[in-house]
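> Sharing a structure here in structure tokens format.
The values are calculated or read from the model by the stated rules, or taken from the named source; none is laboratory data. Source: prediction; values computed, not measured. Heads up, the Cβs are rebuilt from the backbone with ideal geometry, glycines too, and the neighbour counts pull from every protein chain shown. All accessible areas refer to the heavy atoms of the entire protein, side chains included, with ligands and DNA or RNA removed. Shrake-Rupley method; radii C 1.70, N 1.55, O 1.52, S 1.80 Å.
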Amino acid sequence: MKNILHAILFGLRELLNWNTMKYALISGFIVTAIWVGIGAMLWERLIGISSHILELVPFSMVRSNGAWMLSSFLWLQVVLLTFALVFAFFGNMILRSVSKEKYTSFSLIVIASSAFFWGIVWIYKGEYIYQQFLKLLTWLPFETVEKGIAFLIGFYFIYNAIVVSMVFVTSLFSEPLIRSVEKRHFKEDEVRKDHLFSSIGYTIKDSLIFVVASLVVFPLLFIPVINILIQILLWMWLIKDTMSYDAASLVYEKVDKTEIKEHRGALWSISFVTALFNFIPVLNLFGSYFGEIAFFHYFKSIEKQ
């Protein structure tokens, strides 16, 4: 447990390092721009696919889950709106008070605080908000409900594509990222670099399995509460299976998958914390980098022992 906590705290501290943020911001901006562009070009087709899926689901389930999805979507919007208002009203003061090196770190703290605050509001008032959306969907004609939920499903597809792409990009740039971390904290060691292609191949294989598994369990995403559990388990599996191998390949001369599995409790714990990043917009771009660094620190600690 001690190694797990140290790895998580180490990952959080390194995430606030400018070098790590540089990788996350640049890659995150490029990946998001690419998928937003693809989504814009294929949006009508995505909505069509979503609508066909909804035709197979009973109306009562569509209405109920639609209210839950709209409630979650509203939470995301108020988190982003709060973040935007803080910088709109206090932007000049923030620029004068916060140094350039700490500006991005401060931005992450603001959006995390916003998410935490509105999360507390939703814990106490979430049922009321859900009931109001349920009434709204009851008043609307079915076609309007269907179109609204089809829009959210299309957004879900694009969002998941961004998450999976960030895992792949992090794996691609894992060696230079971890090398910079090691120079600051493990100067006497050297990052392994013999497993780069096998690591990328492993990431591609796991990403394809994740896509197939997501399609298989997609009907379960229409069941409130279960859909959250399914989604976080899928993200946790992808993170654990991909990044644990990726990080281990940068530590050990020979990666033993059987030996890695002996630490499954620690790997699932780090994966859970990493997956939580994906529930908060903007922070989801940093999650995979946190996971990569936390896994690396964990395996490094085990190797030292």
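> Can you name the number of the only condition in (1) over 18 Å from residue 165 (Cβ atoms); (2) β-branched (Val, Ile, Thr); (3) open to solvent by less than 30 Å² (accessible area, probe 1.4 Å) that residue 31 fails?
(1)
> Consider residue 20 carefully, then state whether it is in a helix (DSSP H, G or I) and either of a type in the set (A, V, I, L, M, F, W, C) or open to solvent by less than 30 Å² (accessible area, probe 1.4 Å) (or both).
Numbers: in a helix (DSSP H, G or I): yes; either of a type in the set (A, V, I, L, M, F, W, C) or open to solvent by less than 30 Å² (accessible area, probe 1.4 Å) (or both): yes.
The answer is yes for residue 20.
> Going by what's in this entry, would residue 83 be described as assigned to a helix (DSSP H, G or I), modelled with pLDDT under 85 and under 20 Å from the mean Cα position of the chain (by Cα)? Steps first, answer last, please.
Values: assigned to a helix (DSSP H, G or I): yes; modelled with pLDDT under 85: yes; under 20 Å from the mean Cα position of the chain (by Cα): yes.
In short, yes.
> Is region 233-253 home to any residue that is over 18 Å from residue 174 (Cβ atoms), among the polar types (S, T, N, Q), open to solvent by less than 20 Å² (accessible area, probe 1.4 Å) and at pLDDT 80 or above? Let's see the steps before the verdict.
Applying the first criterion (over 18 Å from residue 174 (Cβ atoms)) to region 233-253 yields 233-237.
Now restrict to residues that are among the polar types (S, T, N, Q): none.
Checked against the condition, which is being over 18 Å from residue 174 (Cβ atoms), among the polar types (S, T, N, Q), open to solvent by less than 20 Å² (accessible area, probe 1.4 Å) and at pLDDT 80 or above, region 233-253 yields no hits at all.
> Inside region 172-192, can you point out the residues that are part of a helix (DSSP H, G or I), open to solvent by 20 Å² or more (accessible area, probe 1.4 Å) and at pLDDT 75 or above? It would help to see each step written out before you state the result.
Our first condition is that a residue be part of a helix (DSSP H, G or I); within region 172-192, this holds for 172, 174-185.
Among the residues that remain, those that are also open to solvent by 20 Å² or more (accessible area, probe 1.4 Å) are: 172, 175-176, 179-180, 183-185.
Those that are part of a helix (DSSP H, G or I), open to solvent by 20 Å² or more (accessible area, probe 1.4 Å) and at pLDDT 75 or above: 172, 175, 176, 179, 180.
> Only one of (1) within 26 Å of residue 223 (Cβ to Cβ); (2) at pLDDT below 85 is not met by residue 39, so which one is it?
(2)
> Okay, next question. Could you tell me whether region 164-171 includes any residue that is at pLDDT 75 or above, within 18 Å of residue 251 (Cβ to Cβ) and in a helix (DSSP H, G or I)? If you could, list the steps in order and put the result at the bottom.
Restricting attention to region 164-171, the residues satisfying the condition of being at pLDDT 75 or above are 164-171.
Filter again for within 18 Å of residue 251 (Cβ to Cβ), leaving 170-171.
Subset that is in a helix (DSSP H, G or I): 170-171.
Scanning region 164-171 turns up at least one residue that is at pLDDT 75 or above, within 18 Å of residue 251 (Cβ to Cβ) and in a helix (DSSP H, G or I).
> I would also like to ask the following. Could you please find all residues in region 201-216 being under 19 Å from the mean Cα position of the chain (by Cα) and either closer than 30 Å to residue 65 by Cα or open to solvent by less than 40 Å² (accessible area, probe 1.4 Å) (or both)?
Result: 203, 206, 207, 208, 209, 210, 211, 212, 213, 214, 215.
> Taking residue 195 and the conditions (1) of a type outside the set (A, V, I, L, M); (2) in contact with a Ser or Thr (Cβ under 7 Å, 6 or more places away or on another chain); (3) under 22 Å from residue 302 (Cα atoms); (4) modelled with pLDDT of 75 or more, which numbered condition does it fall short on, given that it satisfies the others?
Tallying (1) of a type outside the set (A, V, I, L, M); (2) in contact with a Ser or Thr (Cβ under 7 Å, 6 or more places away or on another chain); (3) under 22 Å from residue 302 (Cα atoms); (4) modelled with pLDDT of 75 or more, residue 195 fails exactly one: (4).
> Which count do you get for residues in region 254-275 that are without any contact (Cβ under 8 Å) to a residue 40 or more places away in the chain, open to solvent by 10 Å² or more (accessible area, probe 1.4 Å) and of a type in the set (A, V, I, L, M, F, W, C)?
So the answer is 2.
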